[in-house]
Amino acid sequence: APVRPYVPAYLGDRVLARLGRESGAVIRDPYGNRLTWLVPPGTTSGWVIPETSWVQLLSTTQHVTVPPGWCTRSAFTHWARGWAEHGLTDARLLYVVLDAVIRAEHGPRESGAGR
């Protein structure tokens, strides 16, 4: 089962817009205000994500609501980009775009040991 980057919508919408057609399947959770990308297992090791971004890397042991394939619009969890058409996202590309969006939103990261 894939690892799932779980991204707050304020960042996720920007990531999705920048990835465009390069994005794989994305689950939108309006209640939690999050987007979830599906990437191959093991491809997020080494990712450095600032805690202040509220991005979470969910492992295969953590629960994610997966909507039915036909559910692409709903007030509940639905596919922003369908699984059948788009499959897994290239994790390296997702990380590069996510990192750029986080930097644009939160500014450059502090180097070395911070406060």
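The values are calculated or read from the model by the stated rules, or taken from the named source; none is laboratory data. Quantities reported herein were computed from a predicted structural model and do not represent experimental measurements. With ideal geometry, Cβ positions are generated from the backbone for all residues, glycine too; neighbour counts draw on all protein chains shown. Quick note on the areas: whole protein, heavy atoms, side chains included, nothing else; ligands and nucleic acids left out. Shrake-Rupley method; radii C 1.70, N 1.55, O 1.52, S 1.80 Å.
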**Study point:** Lone unmet requirement of (1) surrounded by 12 or more Cβ atoms within 10 Å (Cβ to Cβ); (2) among the hydroxyl-bearing types (Ser, Thr, Tyr); (3) outside any helix (DSSP H, G or I) for Tyr10
**Key:** (3)
Point to revise | Which numbered condition Gly32 misses (of (1) touching a Phe, Trp or Tyr at 6+ places or on another chain (Cβ under 9 Å); (2) in contact (Cβ under 8 Å) with a residue 12 or more places away in the chain; (3) not polar (S, T, N, Q)) | key: (2)
Check your understanding: Going through the stretch 74-98 one residue at a time, which ones are closer than 25 Å to Thr52 by Cβ and in a helix (DSSP H, G or I)?
Key -> Ala91, Arg92, Leu93, Leu94, Tyr95, Val96, Val97, Leu98
Review point. Out of the residues in the stretch 58-82 that are of a type in the set (A, V, I, L, M, F, W, C) and open to solvent by 70 Å² or more (accessible area, probe 1.4 Å), which is nearest to Gly32 (Cα to Cα)?
Key: Phe76
Check your understanding: Regarding Leu94, is this residue among the aliphatic types (A, V, I, L, M), touching a residue at least 40 places away in the same chain (Cβ under 8 Å) and open to solvent by 40 Å² or more (accessible area, probe 1.4 Å)?
Key -> no
Exercise for review: For Val66, indicate whether it is assigned to a strand (DSSP E or B) and in contact (Cβ under 8 Å) with a residue 24 or more places away in the chain.
Suggested key: no
Check your understanding: Mind checking which residues of the stretch 41-51 are closer than 19 Å to Val101 by Cα, surrounded by 11 or more Cβ atoms within 10 Å (Cβ to Cβ) and not aromatic (Phe, Trp, Tyr)?
Key -> Thr44, Ile49, Pro50
Check your understanding: Since Glu85 meets every condition but one in (1) within 16 Å of the chain's Cα centre (by Cα); (2) among the charged types (D, E, K, R); (3) open to solvent by 80 Å² or more (accessible area, probe 1.4 Å), which condition does it not meet?
Key -> (1)
Revision key, fill the gap. How many residues of the stretch 31-50 are hydrophobic (A, V, I, L, M, F, W, C) and part of a loop (DSSP other than H, G, I, E, B)? The answer is 4
**Study point:** Selection from the stretch 13-40 of residues that are farther than 17 Å from Ala100 by Cβ, within 8 Å of the chain's Cα centre (by Cα) and open to solvent by less than 10 Å² (accessible area, probe 1.4 Å)
**Key:** Val26, Thr36
